[in-house]
Amino acid sequence: MKDFPPQDIERQIEMDFLRATEQAALNTLQWLGKGQKEKADEAACDAIRGMLDLMDIQGEVVIGEGIKDQAPGLFKGEKVGTWKEGAPRFEIAVDPVDGTTNVSKGMSNSISCIAAAFPPEDGRPCLQDIPAFYMKKLAYPLEVRHAWIKDPSLPIDINAPIEEVIDVTAKILGKGVRDVVVCVLDRPRNYDLIEAIRRKGASLRMIVDGDITAAMAPAMQTSSINLYAGIGGTPECILSAAGLRCLGGGMRAQIWPRDEDERRSLIKQGWGDLLNHQYMSKDLARGDNIVFAATGISHSPLLKGVNVQGTIATTHSVLMRARSGTVRFIEAHHNLERKTIHLRSTQIERRI
């Protein structure tokens, strides 16, 4: 039998991480469809910081946001929690709003999510910080990961033609090619991939924004998506990898420099030998001491969004642990006449 940490810290504190994403989703709802994505992001960050302020942890944000668009995010190196002596250390990856554009336009596919990892004694980071804007990604279900483990010659590879990946996925899942559903982020950098999927005859699902849920979807029993492919944000890639470590699905990822300037910058920072390296989810989110929590803001392949009827707001969340593989879907009903949240900006409990 596998030995567990004597205190099993993640089990003790996982619900507080979930409360942080719940509060972010509730505080962001006021900006849904208002055309101000920065305000939505600011509201979510304020709520997450406020909840983390109450947690007896020594937390450090190792994967934050704001790199691409100067958003008011939680940034790399930021300390969160009370930092009381003896409090457990946590590495934290966070995206207060994955899909800020979707929130601003009142569209679907936006969540608030956190991955937290209890660092091992060897001092190696659990959540891999990669200083690139984008990564090329391929995410697939548990059945495909198991098949590749048995036969590594299968073309489950970030650089394999997508047509071959679709063929082998169809065979493993017992589907026809046209029934294999491939999700891709709608960006010019992915157009060649999109056209290849169309020519192959697989079912294409394009998303405007928010690729954390899309990358995790192939591993979800409740999702119709079988593959996620294409180039998207690096912080989102790490968060997806953490979620997939809990779900059991697989991911391949590779650094994708936007231009020669970024390539030279990465080489200068010592990443030159890794530009062609193919990461797996276990490389991006190491170890078993990982918690992943997310709450839907608007409907996504992973979670329903916040729904308000009268004075009751209903949130839909997922809470997962890599060690146990337990996936909990949590529906919470919040009475807005009584519900309060703790914001960093006010340092008090206030009603939504």
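Can you confirm whether residue 63 is crowded, with 23+ Cβ neighbours inside 10 Å, within 16 Å of the chain's Cα centre (by Cα) and at pLDDT 95 or above?
Numbers: crowded, with 23+ Cβ neighbours inside 10 Å: yes; within 16 Å of the chain's Cα centre (by Cα): yes; at pLDDT 95 or above: no.
In short, no.
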Find the residue count for the range 110-138, including only residues that are polar (S, T, N, Q) and open to solvent by 10 Å² or more (accessible area, probe 1.4 Å). 1
Run down 16, 53 and say which single residue is in contact with a Gly (Cβ under 8 Å, 6 or more places away or on another chain) and either among the basic types (Lys, Arg) or in contact (Cβ under 8 Å) with a residue 12 or more places away in the chain (or both). 53
Can you find a residue that is at positive phi and without any contact (Cβ under 8 Å) to a residue 60 or more places away in the chain anywhere in the range 267-286? yes
Only residues that are open to solvent by 30 Å² or more (accessible area, probe 1.4 Å), among the charged types (D, E, K, R) and in a helix (DSSP H, G or I): list them for the range 24-45, please. 37, 38, 39, 42
Subset of the range 158-184 [open to solvent by 50 Å² or more (accessible area, probe 1.4 Å) and not β-branched (Val, Ile, Thr)]: 159, 161, 163, 164, 167, 171, 174, 175, 178, 179
Within the range 306-352, residues being open to solvent by less than 30 Å² (accessible area, probe 1.4 Å), within 18 Å of residue 16 (Cβ to Cβ), outside any loop (DSSP other than H, G, I, E, B) and of a type in the set (A, V, I, L, M) number 5
Of all residues in the range 185-239 being among the polar types (S, T, N, Q) and either under 24 Å from residue 133 (Cβ atoms) or in contact with a strand residue (DSSP E or B) (Cβ under 8 Å, 6 or more places away or on another chain) (or both), which is most open to solvent (accessible area, probe 1.4 Å)? 224
When residue 18 is run through (1) at pLDDT 95 or above; (2) among the aliphatic types (A, V, I, L, M); (3) open to solvent by 20 Å² or more (accessible area, probe 1.4 Å), the failure sits at (3)
Is it fair to say residue 242 is of a type in the set (Gly, Ala, Ser), farther than 21 Å from residue 147 by Cβ and either over 15 Å from the mean Cα position of the chain (by Cα) or open to solvent by less than 20 Å² (accessible area, probe 1.4 Å) (or both)? yes
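The values are calculated or read from the model by the stated rules, or taken from the named source; none is laboratory data. Please read these numbers as outputs of a predicted model, since none were measured by experiment. FYI the Cβ positions are ideal-geometry reconstructions off the backbone, even for glycines, and counts take in every protein chain you see. Note: areas computed on protein heavy atoms with side chains; ligands, DNA, RNA excluded. Shrake-Rupley method; radii C 1.70, N 1.55, O 1.52, S 1.80 Å.
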